[in-house]
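The values are calculated or read from the model by the stated rules, or taken from the named source; none is laboratory data. These numbers come from a predicted model, not from an experiment. Cβ placement follows ideal geometry from the backbone for every residue including glycine, while neighbour counts extend to all protein chains displayed. Surface accessibility is based on the protein's heavy atoms, side chains included, excluding ligands, DNA and RNA. Shrake-Rupley method; radii C 1.70, N 1.55, O 1.52, S 1.80 Å.
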Amino acid sequence: MKLIQSRDNAFYKQLKKLAESGRERRKRGLTLLDGAHLVTAWEAARGPVETLVVAEAALENPEIAALTVKTPPVVLADALLRELGLVDTPSGVLAVVPLPAADATTVDLDADAILLDGVQDPGNVGTLLRTAAAAGVKQALLGPGCASAWSPKVLRAGQGAHFVLDIVEEADLAAFVDSYNGTTAVTCLDGATSLYAADWQGPLAWIFGAEGQGVRPELIAAAALRIRIPMPGAVESLNVAAAAAVCLFEALRRRLT
């Protein structure tokens, strides 16, 4: 096992660039997975990782040690892995993996989807993807202005959802809504019907908007359904990821019953 202890090491410098720069990740077609769970989820869906990086002290962790049996790791001094700054609490293991090609031609106009309009917080984007995958949705379209789906923080929040979803970034959401063969629904207040009273049939595409301003007016106008979530408690709104969970699992509940 190769042990890297210097910040001047060429491989470490490459890791640092991947950790800090979305442009570098896109340029090289690579991203970083942090944590044994993500590495295992990747391998279950897409096969062994090519490059495994482990903090020196983490070699004693049985779960992480098991990963090194299939893929001999590059070992980093503990301080160097922390300095990558991928996440607030490094797990001790990461993998370098290729970025899947984003291909708008794979979009299915007859299947359930989530559409994210300017959702900038990485934790929210990752949680939205994770929630969609848990509810059985197979595709996610991220419009301009969203946090990068394949950034390390979004991947960490997604907890493996990325590997079972078709994800298209920089998507033309208005064009999708215009062409979609199912029902498009957006959460808003003006002219909206209660989620529990709304009527729909067939596939659904839910539109969820930015944390502050919500969905753009033109997308609200284009949606077939305007939905509000009843909130009898003393709050005015829900976090976008929480609102999405309520909507997606209400749709699933109806299908199951």
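Which whole-Hz couplings ³J(HN,Hα) result when phi for each residue of the range 194-204 is put into the Karplus expression 6.51 cos²θ - 1.76 cosθ + 1.60, θ = phi - 60°, listed in order with x for Gly and Pro? Result, rounded to whole Hz: 4, 3, 7, 10, 5, 10, 8, 9, x, x, 10.
What is the percent carbon and sulfur in the accessible area of the chain, measuring with a 1.4 Å probe over the protein chains and ignoring ligands? Write down the numbers at each step before the final one.
Working: 6260 of 12490 Å².
In the chain, the share of accessible area belonging to carbon and sulfur is 50 percent.
Taking 22 Å as the straight-line reach from the Cα of LYS16, the lysines in range (excluding those fewer than 8 positions away in the same chain) are LYS2, LYS27, LYS153. Between ILE227 and VAL186, THR187, CYS188, THR193, the built amide H atoms are under 5 Å apart, and every one of these is 5 or more places off in sequence or on another chain. Over all distinct Cα-Cα pairs of the range 82-232, the Kirkwood formula returns a hydrodynamic radius of 16.2 Å.
In the range 1-133, Cα pairs under 8 Å separated by at least six residues give a relative contact order of 31 percent.
Suppose we keep just the DSSP beta bridges with both residues in the chain; what percent of those would be antiparallel, to 5?
Working: 10 of 36 bridges.
In the chain, approximately 30 percent of DSSP beta bridges are antiparallel ones.
Its Cα gyration tensor gives the range 99-140 an equivalent ellipsoid. The semi-axes, each the square root of 5 times an eigenvalue, are 18, 14, 10 Å from largest down. Size of the chain: Rg and Dmax of its alpha carbons, in Å, are 20.2, 62. The angle between the Cα long axis of helix 36-46 and the longest principal axis of the Cα atoms of the chain comes to about 70 degrees, rounded to the nearest 10. Each label was represented as a point 7 Å from its Cα along the Cα-to-Cβ direction; for LYS27 and THR105 these points are 2.8 nm apart. Close amide H partners of LEU30, meaning residues 5 or more places away or on another chain with modelled amide H under 5 Å apart, are LEU99. So if R0 is 30 Å, what FRET efficiency would LYS2 and GLN213 give, r being the distance between their Cβ atoms, rounded to the nearest 0.05? According to the calculation, E is roughly 0.05.
Considering all projection directions equally, how large on average is the shadow of the alpha-carbon convex hull of the range 1-45, in square nanometres?
Values: hull surface 17.0 nm².
With the hull built on Cα positions only, its mean projection is 4.3 nm².
Computed on the chain, with alpha-carbon pairs under 8 angstrom and 6+ residues apart, the relative contact order is 19 percent. Normalised by the number of residues in the range 166-229, the mean separation of alpha-carbon contacts (under 8 Å, six or more apart) gives a relative contact order of 47 percent.
Where in the chain lies the longest segment free of trypsin sites (Lys or Arg not before Pro) that are both loop residues by DSSP (not H, G, I, E, B) and have at most 15 other Cβ atoms within 10 Å?
Details: sites that count: ARG7, LYS138.
By the stated rule (loop sites, at most 15 other Cβ atoms within 10 Å), 8-137.
The 3J(HN,Hα) values that the Karplus relation (6.51, -1.76, 1.60; θ = phi - 60°) gives for the range 208-222 are, in residue order, 10, x, 4, 4, x, 8, x, 6, 4, x, 5, 6, 4, 5, 7 Hz. Gly and Pro appear as x.
At most 13 other Cβ atoms within 10 Å and a DSSP loop assignment: could you name the GluC sites (Glu not before Pro) in the range 83-189 that fit?
GLU170
Expressed in Å, the radius of gyration and Dmax of the Cα atoms of the range 93-180 are 12.3, 43. Kirkwood Rh, Cα Rg: Rg to Rh for the range 1-126? Expressed as Rg/Rh, it is 1.01.
Just to confirm, what accessible area per residue do you get for the range 1-94 at 1.4 Å probe, in whole Å²? Don't jump to the answer; show the numbers that get you there.
Numbers: 5060 Å² over 94 residues.
Averaged over the residues of the range 1-94, the accessible area is 54 Å².
Listed values for the range 68-73 are Karplus-derived 3J(HN,Hα) couplings in whole Hz (6.51 cos²θ - 1.76 cosθ + 1.60, θ = phi - 60°), namely 6, 5, 7, 10, x, x, and x replaces Gly and Pro.
Tell me which GluC sites (Glu not before Pro) from the range 1-61 have a DSSP coil assignment and no more than 11 other beta carbons within 10 Å of their own. List each step's numbers first, then the result.
Details: sites: GLU20, GLU24, GLU43, GLU50, GLU56, GLU60; in loops: GLU50.
Those that pass, being in a loop and sparsely packed, are GLU50.
Once the cut-off is 15 Å, how many percent of the Cα-Cα pairs in the range 126-175 end up in the long-distance tail? Distances greater than 15 Å cover 39 percent of the Cα pairs. Projected label points at SER194 and VAL69, each 7 Å from Cα along the beta carbon direction, are separated by 5.5 nanometres.
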